[in-house]
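The values are calculated or read from the model by the stated rules, or taken from the named source; none is laboratory data. Since the model is a prediction, treat every value here as computed from it, not as a measurement. Cβ coordinates were reconstructed from backbone atoms using ideal geometry, including for glycine residues, and neighbour counts include every protein chain displayed. Heavy atoms of the whole protein, side chains included, go into the accessibility calculation; ligands, DNA and RNA do not. Shrake-Rupley method; radii C 1.70, N 1.55, O 1.52, S 1.80 Å.
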Amino acid sequence: MKSDFAWLDKWSDDLNGKNVLELGCGPADDTRKIAELSSSVVACDLSPPSQIEGAKQVLVVDHSKELPFKPCTFDVVIASLCLHYFSWNTTQKIVSELSRVLTPKGVIVVRVNSNNDENYGAKGHTEIESGLYMVKGQQKRFFSKADVELLFKSEWKLTTIEEKSIDRYERPKQILEFGAQKI
């Protein structure tokens, strides 16, 4: 197993016994770990598996739209490699919506494309807007640390941010991984 599949271990204290929303669950590689650590997990994706062992609910959700949850529903939101497909304006709206569904002092754990990720599109593609490129027919945003700080400057306290090279894919991928607490 590749080492990146253990990335959530670092966040276990934040997940332990909490109600968690996972955006962009994909094939549920991370969902099972979240379910082990949390008291409950709701896994969401545009096309999620029909069932995921340990998940309280598995929902089809477009997180670029209003989320189908009441305010203050979750203690933690996990958004791994799913927030980098949007315009800056839409990304800001998503972050605002995530704040709405988090409890006071709730935590968000995020991984996004780094602007240093040359293997997966940060260079050599048509730029649609600053940091947003058309990569093989799909929009992809590549973030700098300053972008993350700007995106999370209101309503949030960034607790950690680091650039990492992950081995989840065929070639190394550069990402920014960070945590923030709702204030």
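Values as computed for the structure displayed
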| read-out | value |
| --- | --- |
| Lysines with Cα under 21 Å of Lys153, excluding same-chain neighbours fewer than 8 positions away | Lys93, Lys105, Lys145, Lys182 |
| Protection proxy ranking, peptides 147-157, 110-120, average beta carbon neighbours within 10 Å, highest first | 110-120, 147-157 |
| Relative contact order (%) - criterion: Cα under 8 Å, at least six apart; region: the range 1-107 | 25 percent |
| Simple spin-label estimate for Glu162 and Met134 in nanometres, 7 Å along Cα-Cβ | 3.8 nm |
| Folded to 0 to 90 degrees: helix 88-101 orientation relative to the chain principal axis, Cα | 10 degrees |
| Residue-span extension gain [Ser12 to Lys70] - 0.36 nm each, minus C-alpha spacing | 18.4 nm |
| Ordering of 88-101, 49-62, 22-35 by burial proxy (mean other Cβ atoms within 10 Å per residue, highest first) | 22-35, 88-101, 49-62 |
| Three principal axis lengths of the range 70-144 [C-alpha, angstrom, descending] | 41, 20, 19 |
| Distance (nanometres) between label positions extended 7 Å along Cα→Cβ at Thr103 and Gln57 | 1.7 nm |
| For the chain: accessible area per residue (Å², 1.4 Å) | 49 Å² |
| Relative contact order of the chain, defined on C-alpha pairs under 8 angstrom at six or more residues apart (%) | 19 percent |
| Globularity index of the range 97-183, i.e. its alpha-carbon radius of gyration over 2.2 N^0.38 Å | 1.18 |
| Percent carbon-and-sulfur accessible area, the chain, ignoring ligands, DNA and RNA, probe 1.4 Å | 47 percent |
| Rounded to the nearest 10 Å², the accessible area of Asp75 at probe 1.4 Å | 40 Å² |
| Per-q log10 I(q)/I(0), the chain, q = 0.13, 0.18, 0.20 Å⁻¹ (Debye; single scatterer per alpha-carbon; no solvent) | -0.63, -1.28, -1.58 |
| Listed residues Asn16, Ser154, Gly106: farthest to the positive end of the dipole of the chain (Cβ charges) | Ser154 |
